[in-house]
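In what follows, a single structure is set out as structure tokens and then discussed.
Just so it is clear, none of the values below were taken in a lab; they were calculated from the coordinates. This is a predicted model, so every value here is computed, not measured. FYI the Cβ positions are ideal-geometry reconstructions off the backbone, even for glycines, and counts take in every protein chain you see.
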Amino acid sequence: MGAREVILDRIRAALGPSPIRVEVPREYRTGGVPDVDLFVDRLVDYRAAVRRCGPNDLAAAVAEALADTRVLAVPPGLPGEWLTAYHGEVVRDGDPRPLSVADLDAPGVTALTGCAVAIAETGTLVLDAGPDQGRRVLTLVPDHHVCVVHAGQIAAGVPDALARLADPTRPLTFVSGPSATSDIELDRVEGVHGPRRLEVIVVEPSGP
Amino acid sequence: MSNPIAAPRPFPAAAHDKLADRQLRANLHRATHTIRDKRLRVVAELPDWQRLREAASALKADAKSRLPELLTQFEAAATAAGATVHWARDAAEACAVVADLVRSAGATEVVKVKSMATQEIGLNEALEAAGIAATETDLAELIVQLAEDTPSHILVPAIHYNRTQIRDLFRTRMAGAPADLTDDPPALAEAARRHLRAKFLSATVGISGANFAVAETGSLVVVESEGNGRMCLTLPQTLISVVGIEKVVPTFRDLEVFLQLLPRSSTGERMNPYTSIWTGVTPGDGPENVHIVLVDNGRTTTLADPVGRQALHCIRCSACLNVCPVYERVGGHAYGSVYPGPIGAILSPQLTGEGFNRTLPYASTLCGACYDACPVRINIPEVLVHLRQTGPHPRAERAGMRAMSWLMSDRRRYAAALRAARRGAAPLRLVARRAAKRRGSVPSEGDQRETVRRLPWPLSAWTASRDAPLPAGPTFREWWEKEHGRS
């Protein structure tokens with residue numbers, strides 16, 4: 001008998017002939033009204049940089065965030081109108097070839113993406129590898145990540161955000177602030193292996 | 001190889017030594033108090049914290065009660081998504097499976113994400129014996145690995161080191177560390193970043209654990225802070241995840257509970273910087289070969305105990321360590337297992353009876369702070385008492401308890417014994433009163449605080465670390481008879 005059968009048999013023996021069924025009480029908060037100010041407050045608390053703009057100023061806000069960028073790496077489906085005010089070098093993942101880790105690890109590379117959904121209560125961006133987000137490596141290796149969030153993508157809390165994801169089996173990355181560690185005397189230090197700078201551009205229908 | 005979850009020494013002996021280390025106690029005090037306060041602040045922000053805890057506790061209990069169904073569902077979903085699922089009965093089998101997978105990937109080096117499961121099975125040592133070098137990439141794990149030390153905390157394995165000690169370690173043992181490295185935490189983190197960058201970018205095999213495994217979708221979840229996890233989960237061609245069978249949760253939706261509870265309980269943050277969730281293989285994005293090793297290693301024996309099985313609900317947040325008055329003073333090494341603190345005191349002895357694990361359930365004052373802090377409501381004091389009751393007891397203690405039981409089962413016998421004890425204690429009371437007088441405090445007649453500091457063997461085992469109370473004065477019954485006569 002293989003390990004699989006042995007383990008499953010052991011579990012059945014441990015549980016006995018009629019394991020007690022348990023009802024799960026879900027009386028915690030699930031909905032709620034998303035609060036953009038709260039989202040921004042949480043991001044700032046993580047020491048992420050935040051810009052707020054209206055739909056018409058998005059391209060200008062993007063260009064401002066990319067002021068010191070040498071090469072901009074973007075996913076295949078990034079909307080072209082986000083870049084109309086940016087005049088630096090742009091490399092598109094998969095066009096003509098997938099960007100290599102070395103491409104992304106070069107100094108001065110910034111990754112610009114959108115997100116699938118964001119969470120106000122925790123200041124979290126959720127990426128699901130959608131067309132405007134791309135492969136996971138894109139937002140991991142460069143030292144600077146700029147993420148565009150539309151106000152309508154912001155969910156109030158974690159339950160609301162998970163429910164909004166179209167397909168949970170896509171590669172998911174939850175990002176809450178720049179990479180950080182608290183391993184030295186529990187002092188929080190930003191910037192270990194992931195991007196050391198995280199900038200979020202929040203686009204609100206009626207401007208900030 | 002020694003078992004990483006078996007205490008090599010009895011807890012009291014190990015604790016005694018650690019208590020003498022003043023630097024350790026200072027480091028631990030500072031760290032545990034910082035994180036406690038942070039945790040309380042972010043927990044207070046959620047009005048439904050108790051409801052989340054109740055949901056989490058029920059979710060884990062529900063998952064345990066249908067574990068065979070959920071594990072096979074997980075296996076089917078993960079396999080359909082392109083992962084290969086392996087099963088391992090014990091630590092040796094799990095290590096052998098992983099070593100074989102690394103060898104067949106043609107690698108002699110692997111990068112690792114911090115994982116309790118791989119520590120529990122002693123994977124690094126097993127890989128080393130197989131000629132495979134494993135690099136820990138979590139900053140604290142790297143510190144511990146460089147120091148050739150063992151972790152002393154579940155979440156912050158290097159909690160027993162302060163910044164100066166870490167600087168010295170980096171300077172002497174980390175290749176490429178600048179000679180003028182300061183003890184400023186950002187400088188230390190930067191040095192680690194540079195040291196590990198090359199390893200990440202060239203590694204072909206990554207090894208991880210998982211915080212959760214979702215039965216419904218076959219997904220694994222890794223919760224982390226530094227981005228080293230994302231590196232290991234994304235860049236290598238082969239990814240091997242070692243997962244305890246108790247990590248399975250029924251549905252993707254259930255993560256909405258745990259992703260709120262875990263970061264706030266562990267690092268005291270609203271959300272940890274990075275959480276990765278992946279399901280099998282995604283062509284063009286991340287590893288092409290995805291392996292999952294499901295490990296028993298004592299979990300099924302733990303599951304068989306209806307009281308003790310709640311220890312398997314643990315999500316490894318380490319909140320119980322940070323609030324424990326015992327942990328705060330002795331640190332993680334005193335427990336002799338990779339699972340220290342209150343949760344370790346109930347988990348290690350249930351996972352294995354090896355070593356001196358039977359002494360661990362006594363490593364607690366039963367104050368209950370751990371139960372209050374636990375995000376999945378594991379009643380740790382209840383399990384501690386249960387393990388003390390069902391565990392082995394010294395022969396002298398068993399004989400003593402049998403004698404007491406005989407005495408106390410008959411009223412007359414008990415009253416006579418009390419009288420005898422009082423008479424027998426009279427000279428001791430005299431000694432105690434004289435000692436009290438020397439200290440400048442004079443207890444009154446019948447004072448409950450009358451104690452004796454040292455008793456002869458075998459009772460010296462009791463008085464070695466505490467005072468023994470002297471038998472009380474007259475009982476109520478005796479007092480009544482004296483005042484009102486026999487009724």
Q | Cβ neighbours within 10 Å from other chains - mean over B:106-119 | A | 0
Q) Where Lys and Arg each count +1 and Asp and Glu each count -1, what net charge lies around A:Thr84 among other residues with Cβ under 15 Å from its Cβ? A) -3
Q: Would you mind finding the longest exposed-site-free stretch of chain A, with exposed GluC sites (Glu not before Pro) meaning DSSP loop and at most 16 other Cβ atoms within 10 Å?
A: A:28-208
Q.
Just to compare against my own numbers: the Cα pair-distance distribution for the stretch B:220-367, 5 Å bins, whole % per bin, please.
A. 2, 8, 15, 17, 19, 17, 12, 7, 3, 1, 0
Q) Can you tell which of B:Thr301, B:Ser465, A:His145 lies farthest toward the positive end of the dipole of the protein assembly as shown, using +1 and -1 charges on the Cβ of basic and acidic side chains (Lys, Arg; Asp, Glu)? A) B:Ser465
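Suppose the chain between B:Ala304 and B:Ser202 were pulled fully straight at 0.36 nm per residue; how much longer would it get relative to their current alpha carbon spacing? Before the final figure, lay out each step's value.
Working: separation 102, 0.36 × 102 = 36.72 nm, distance 4.43 nm.
Result for the pair: 32.3 nm of gain on full extension.
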Q: Could you tell me which Cys residues in chain B have no other cysteine's Cβ under 4.7 Å from their own Cβ, answering none if every one has a partner?
A: B:Cys95, B:Cys232, B:Cys314, B:Cys317, B:Cys324, B:Cys367, B:Cys374
(Q) So if I average 1/r over every pair of distinct C-alpha atoms in the stretch B:1-69 and take the inverse, what Kirkwood radius in Å does that give? (A) 16.5
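Mean residue ellipticity at 222 nm from the helices of chain B, using -39,500 (n - 2.57) per DSSP H segment of n ≥ 4 over the full residue count, to the nearest 500 deg cm²/dmol? Numbers along the way, then the final one.
On the way: 22 runs with 244 residues, N = 487.
For chain B, the value works out to -15000 deg cm²/dmol.
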Q: Go ahead and set up a Gaussian network model of chain A, Cα springs under 10 Å, then flag whichever of A:Arg29, A:Arg51, A:Arg135 fluctuates most.
A: A:Arg29
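Averaged across the residues of A:193-199, what count of C-beta atoms belonging to other chains lies within 10 Å of each residue's C-beta? Write out the running numbers ahead of the final one.
Values: counts 19, 11, 1, 4, 0, 1, 0.
Mean shielding count: 5.
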**Q.** Degrees separating the helix B:22-44 axis from the principal Cα axis of chain B, which is the longest one
**A.** 80
Q. What are the extents of the Cα atoms of chain A along their three principal axes, listed from largest to smallest and rounded to whole Å?
A. 69, 41, 40
Q | Scattering curve values for the stretch B:241-324, log₁₀ I(q)/I(0), Debye with Cα scatterers, q = 0.14, 0.19, 0.22 Å⁻¹ | A | -0.68, -1.13, -1.26
(Q) Give the aspartates and glutamates whose C-alpha is closer than 17 Å to that of B:Lys18, dropping any in the same chain fewer than 8 places away, or say none. (A) B:Asp149, B:Glu328
Q) What value, in deg cm²/dmol to 500, does the helix sum -39500 (n - 2.57) over DSSP H runs of n ≥ 4 give at 222 nm once divided by the residues of chain A? A) -5500 deg cm²/dmol
Q) One-quarter of the Cα convex hull surface for the stretch B:363-487, in nm²? A) 11.8
Q.
Can you give me the distance in nm between label points at A:Arg12 and A:Arg97, each placed 7 Å from the Cα along the Cα-to-Cβ direction?
A. 5.4
Q: For A:Val50, list long-range residues whose amide hydrogen, built 1.01 Å from N in the peptide plane, is under 5 Å from its own amide hydrogen.
A: A:Val200
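Based on Cβ point charges of +1 for Lys and Arg and -1 for Asp and Glu, what charge dipole magnitude is obtained for the stretch B:395-484 about its Cα centre, in debye rounded to the nearest 20?
Working: 21 positive and 9 negative charges, 72 e Å.
Result for the stretch B:395-484 is approximately 340 debye, rounded to the nearest 20.
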**Q.** Shape parameters for chain B, alpha-carbon atoms, Rg then Dmax in Å
**A.** 26.7, 94
Q. Structure shown: which of B:Lys60/B:Lys112; B:Lys64/B:Lys247; B:Lys114/B:Lys247 lie over 21 Å apart, alpha-carbon to alpha-carbon?
A. B:Lys60/B:Lys112
Q) What does the charge add up to near B:Ala83, with Lys and Arg as +1, Asp and Glu as -1, over the other residues with Cβ less than 13 Å from its Cβ? A) -2
Q.
To test your reading of the geometry: what angle, between 0 and 90 degrees and rounded to tens, separates the Cα axis of helix A:3-15 from the longest principal axis of chain A?
A. 60
Q) When Cβ neighbours within 10 Å are restricted to other protein chains, what is their mean count per residue of peptide B:220-231? A) 5
Q: Compute the normalised compactness of the protein assembly as shown: alpha-carbon radius of gyration over 2.2 N^0.38 Å, N being the residue count.
A: 1.09
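For a quick check: sort B:Lys199, B:Lys482 by the number of other beta carbons within 10 angstrom, fewest at the front. Before the final figure, lay out the partial values.
Values: B:Lys199 16, B:Lys482 9.
In order of increasing Cβ crowding within 10 Å: B:Lys482, B:Lys199.
Semi-axes of the equivalent ellipsoid of the stretch B:294-408: what are they in whole Å, largest first, if each equals the square root of 5 times a C-alpha gyration tensor eigenvalue?
On the way: eigenvalues 122, 58, 40 Å².
Result for the stretch B:294-408: semi-axes of 25, 17, 14 Å.
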Q: Return an integer: the convex hull volume of the alpha-carbon atoms of the stretch B:170-228, in Å³ per residue.
A: 111
Q: Tell me, rounded to the nearest percent, the portion of alpha carbon pairs in the stretch B:50-297 spaced more than 21 Å apart.
A: 59
Q | On Cα atoms only, tilt of A:36-45 relative to the major axis of chain A in degrees | A | 90
Q. Among B:Glu69, B:Glu141, which comes first, then next, by fewest other beta-carbon atoms within 10 Å?
A. B:Glu69, B:Glu141
Q: Enter the mean projected area of the convex hull around the alpha-carbon atoms of the stretch A:24-134, in nm², rounded to one decimal.
A: 9.4
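Can you sort A:Ser18, B:Ser65 by how many other beta carbons sit within 10 Å, fewest first?
Values: A:Ser18 7, B:Ser65 16.
Arranged by neighbour count, lowest to highest, A:Ser18, B:Ser65 become A:Ser18, B:Ser65.
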